[in-house]
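Asker: Have a look at this one.
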Amino acid sequence: MLAKKSVLGLFPEGQEDMAADALDALREEGYTHSEYEIITGTPYPEGTFGEEEPKHTLFRWPLMGAACGFVVGLVLTSGTQLAYPLVTGGKPVLSIPPMSIIIYEGTMLGAIIFTVIGIVIESRLPRLFMGAYDERITEGYIGVAVTTDQDRVGKAEEVLKQVGAEEVKRGWES
Amino acid sequence: MLEHVQLDQKTINKDLLGGVLGTPSWWLPTVLFLTLVVFTGLGAFGYMMNKGLGVTGLNRPVFWGFFLVNFVFWIGISHAGIMISAILRLTQAEWRRPVTRAAEVMTVFSLMAALHTPLFHVGRPWRDFWVFPYDFARGVWPNVRSPFVWDPSAVMTYLIGSSLFVFIALIPDLAVVRDRAKNVWVKRLYSGLCLGWRGTPRQWKLQAVAGILLSALVLPVFVSVHSIVSWDFAVVIGVEGWHSTIFAPYFIIGAIHSGVSAVAMLMALGVWMWKLDKYIRPDHFDAIARLLIVVATTWFFFFFLEWVFALYTLEGPEIVLRELQVFQWPYSALFIVFIVTAYFIPVPMWMFKSVRRSAFWMLITTILVNVGMWLERFIIIIPGLLRRQPLTFDWGTYHPSIVEILIVAETFAFVALGMLLFSKLFPLIPLFDIKEGMTNRREFKIGRLTIPATVRE
C-alpha cells in the first residue's frame, strides 16, 4: 500500500469564502471528505465551509458513566455497611437517605468522568503526530489539509493554488 | 454587548497570552508575598499539630470555630464560580466569554482552600483518609450515615468535576500557547497538555457540546454540595437556629451571592492588574451587577424567611439565640457589619448605572459582600454553639487564636497564589471563546445608528 501524503493550503483570516471554494473545488476533482479537512483556530458555525457535519456519540458516554457510578455507589454504601454493621443513632444499618447521597455523588462523578473520556476519544485525541498543520492557524489562518495517495497529492496542491491559497505546504507523510 | 472592540486573532493571542509568555512586573513580588503567607499558615498548622488543638480557641461547647466558618465560606465561593460559568454557557449569554475561565479556575482553588480547614480541624489529619473506604484487611468501614462522610464525597466529586471541566475548556488554548512558545521544552510541555489539538470541525463541535454537557452535569453537583454542607448543620441535634427547613436553598443562594461577587471582583482585578479592559468592558460589569441585584435580593429574602420562621414559633431557646446574635457584644457589632456589607451598602449602590459600569466600584462593593458573607457564616455557627446546652454552666465563649487566624489567612493567600500561578501557565480568559465572539459579530445599521450584533447558530 502506498504511503499517504498531505498538503496544506493556508488562507488568511477573513477569507472563509475562499476556503469554502477550496473544499468545493476539491470535491469537484473527486476528493472525498475523508481526504480533506478544514483546520481553524476558532470555532465557526457548522457548515461555514460547506464541510460535512461531524457525527458523534458523545451523549451515550454520560449515561454509561452514570450507570457505572450508580452501581459503584450502591455497592459501596450497602456493602461496607453490611460488612461492618455498626448501629448509630438508632438508624437502620442500610439507611436510604444517607446512602442516596453517596450514590447520587457516585452517579454524577461517573457521568462526568465518562463524559470527559468520551470528549477526548470522540475528538480523536490524544494525537501523537500532528499531520498537516501550521502554527499560523492559531493566529487566524484557515487551513485546508488534503491527505491522499502520493500520486494525487500534486493535483490537490494545484487546486489549492488555483483557488487562491496564500501558501501551500507539502511534506507530511502518514 | 453594545460596546466592543473588534480585534483580529493575532492581537487577541498577544493580549491574552501576555501573562503566560511574559511576566508582569508586579507578578513575582506578589507571588513571593503570598507564598510567605501560605508558609506562615502552614507553619501555624505544624505548630498546632505538634501542640494539639489546645492552641486554638476551640473549647467546649464551641468546637466549630474559624475553621468551619472558613470551610463554608470557601465552599460558597467555589459554587458560584462554576455555577455562573455553567448557567451562562447553557443560556448562551454573550457576556460570558471573558468571565468563564476565571470563574471555573476560582472554583477549583476555592474548593482546595475549603478542604484545608476541615482537614486541619479534625486534629489528627493523618487519619483523614479514614473517610474513604480503603481498609479491606481490618474490615472497618466509614459510617455513611455521618455527614462527615457525605462532605468529602460531595466535595471531591465537585473538585474532580470542576478540574476536568477546566481542563477540557483549556485544550484549544493550550494549542495556542504551544504554537506561540519559543522554548523547545515549553513547546513540548504544551504539546503534551493539549493532546495534539489541531482545530478540526469535529474537535470544535465536541468542544461546544462538551461545554453544554459538562455544565449540565456540574450544576446538579453544585446544588448537592452546598445542600450537604447545610446538612452538616441541620442534622446536628440540639443546636438552635440550625434546623430551618430552608437551610439548603438558603446556603445555596448565599453561596451564589458570595461567589458571583467574587467573580465580579476577579473581573475588576483583571482590568486593573492584567489590563484586560479591551475584553472586560463596562457592559460586562453592568450585566454581572444586574445579576447580583437579583441574587442578593433573593438571598435577603431567604435570610428574612429564616428569621421569620425562627421568631414566629416563639420558642424560648430560639428567641434567646436570636437575641444573642443581634443584641449581645461582639455578635451585635458583627451582625450589623454583616447585614450592611452583604446587602444594604452594595445593592443600593448597584442601582446606579455609574457604579455598575465602574470596575473600581464593583471591586469595592464585591469585596464588601464577601466580608459580609464570611461574617454571615460566623454568626450562624458560633452563637448557635455558645448556648448549645440548656444548662448555663455548659455555656461558653469563643475567641479565635492567632494560630486559627494565620491558618485562615493562609487559605486566602492560597487561592490568590493559585490564581496567579495559573495565570502564569494558562490564559485566564478563554482565547477561543473570545475569537468566536469576534468572528460571529456583525454590525448593522438602523437609520443613523450602527448596532453591533452577534450571530448565533
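Asker: Hey, any hits in the stretch B:215-228 for a residue that's free of Cβ contacts under 8 Å to residues at least 24 places away in the same chain, surrounded by fewer than 22 Cβ atoms within 10 Å (Cβ to Cβ) and more than 8 Å from chain A (Cβ to nearest Cβ)? Please lay out each step first, then the result.
Answerer: Filtering the stretch B:215-228 for residues free of Cβ contacts under 8 Å to residues at least 24 places away in the same chain gives B:220.
Narrowing further to those that are surrounded by fewer than 22 Cβ atoms within 10 Å (Cβ to Cβ): B:220.
Adding the requirement that they be more than 8 Å from chain A (Cβ to nearest Cβ) leaves none.
Scanning the stretch B:215-228, I find no residue that is free of Cβ contacts under 8 Å to residues at least 24 places away in the same chain, surrounded by fewer than 22 Cβ atoms within 10 Å (Cβ to Cβ) and more than 8 Å from chain A (Cβ to nearest Cβ), so the answer is no.
Asker: Let me ask something else about it. Given the residues B:ILE77, B:ILE82, which is the only one that is closer than 22 Å to B:LEU276 by Cα and crowded, with 18+ Cβ neighbours inside 10 Å?
Answerer: So the residue among B:ILE77, B:ILE82 that is closer than 22 Å to B:LEU276 by Cα and crowded, with 18+ Cβ neighbours inside 10 Å is B:ILE82.
Asker: Turning to a different aspect of this structure: In the stretch B:232-268, which residue that is of a type in the set (Ser, Thr, Tyr) and part of a helix (DSSP H, G or I) is surrounded by the fewest Cβ atoms within 10 Å (Cβ to Cβ)?
Answerer: B:TYR250
Asker: Additional query: Taking B:VAL62 and the conditions (1) crowded, with 24+ Cβ neighbours inside 10 Å; (2) under 22 Å from B:LEU375 (Cβ atoms); (3) of a type outside the set (Lys, Arg), which numbered condition does it fall short on, given that it satisfies the others?
Answerer: (1)
Asker: Report yes if A:LEU26 is among the aliphatic types (A, V, I, L, M), within 7 Å of chain B (Cβ to nearest Cβ) and under 26 Å from the mean Cα position of the chain (by Cα), otherwise no.
Answerer: The answer is no for A:LEU26.
Asker: State the number of residues belonging to the stretch B:287-323 that are without any contact (Cβ under 8 Å) to a residue 24 or more places away in the chain and among the β-branched types (Val, Ile, Thr).
Answerer: 4
Asker: Considering only the stretch B:1-96, give the helices (runs of 4 or more DSSP H) lying wholly within it that have at least 1 residues that are in contact (Cβ under 8 Å) with a residue 24 or more places away in the chain and polar (S, T, N, Q).
Answerer: Those helices (runs of 4 or more DSSP H) span B:9-16, B:27-51, B:66-90.
Asker: More than 9 Å from every other protein chain (Cβ to nearest Cβ), touching a helix residue (DSSP H, G or I) at 6+ places or on another chain (Cβ under 8 Å) and within 30 Å of A:ARG27 (Cα to Cα): does that describe A:THR57? Give the derivation first.
Answerer: Values: more than 9 Å from every other protein chain (Cβ to nearest Cβ): yes; touching a helix residue (DSSP H, G or I) at 6+ places or on another chain (Cβ under 8 Å): yes; within 30 Å of A:ARG27 (Cα to Cα): yes.
Yes, satisfied.
Asker: Also: Limited to the stretch B:132-152, what total is found for residues that are more than 9 Å from chain A (Cβ to nearest Cβ), under 18 Å from A:SER78 (Cβ atoms), surrounded by 14 or more Cβ atoms within 10 Å (Cβ to Cβ) and at pLDDT 80 or above?
Answerer: Number of matching residues: 0.
Listed here are the residues, each with its yes/no results for (1) in contact with a Cys (Cβ under 8 Å, 6 or more places away or on another chain); (2) away from every other protein chain (no Cβ under 11 Å); (3) at pLDDT below 95.
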site	(1), (2), (3)
A:TYR84	no, no, yes
A:VAL87	no, no, yes
A:ILE101	no, no, yes
A:ALA111	no, no, no
A:LEU125	no, no, yes
A:MET130	no, no, yes
A:TRP172	no, yes, yes
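Asker: Follow-up question, since we're still on this one. Based on what the data block shows, is B:PRO348 closer than 30 Å to B:MET48 by Cβ and either within 24 Å of the chain's Cα centre (by Cα) or assigned to a helix (DSSP H, G or I) (or both)? Let's see the steps before the verdict.
Answerer: Values: closer than 30 Å to B:MET48 by Cβ: no; either within 24 Å of the chain's Cα centre (by Cα) or assigned to a helix (DSSP H, G or I) (or both): yes.
It is false that B:PRO348 is closer than 30 Å to B:MET48 by Cβ and either within 24 Å of the chain's Cα centre (by Cα) or assigned to a helix (DSSP H, G or I) (or both).
Asker: Can you name every residue in the stretch B:312-365 that is surrounded by 19 or more Cβ atoms within 10 Å (Cβ to Cβ), of a type outside the set (Ser, Thr, Tyr) and either over 21 Å from B:LEU291 (Cα atoms) or modelled with pLDDT under 90 (or both)?
Answerer: B:LEU321, B:LEU324, B:GLN325, B:PHE335, listed by residue number.
The values are calculated or read from the model by the stated rules, or taken from the named source; none is laboratory data. Just so it is clear, the structure is predicted and the values come from calculations on it, not from any experiment. Cβ coordinates were reconstructed from backbone atoms using ideal geometry, including for glycine residues, and neighbour counts include every protein chain displayed.
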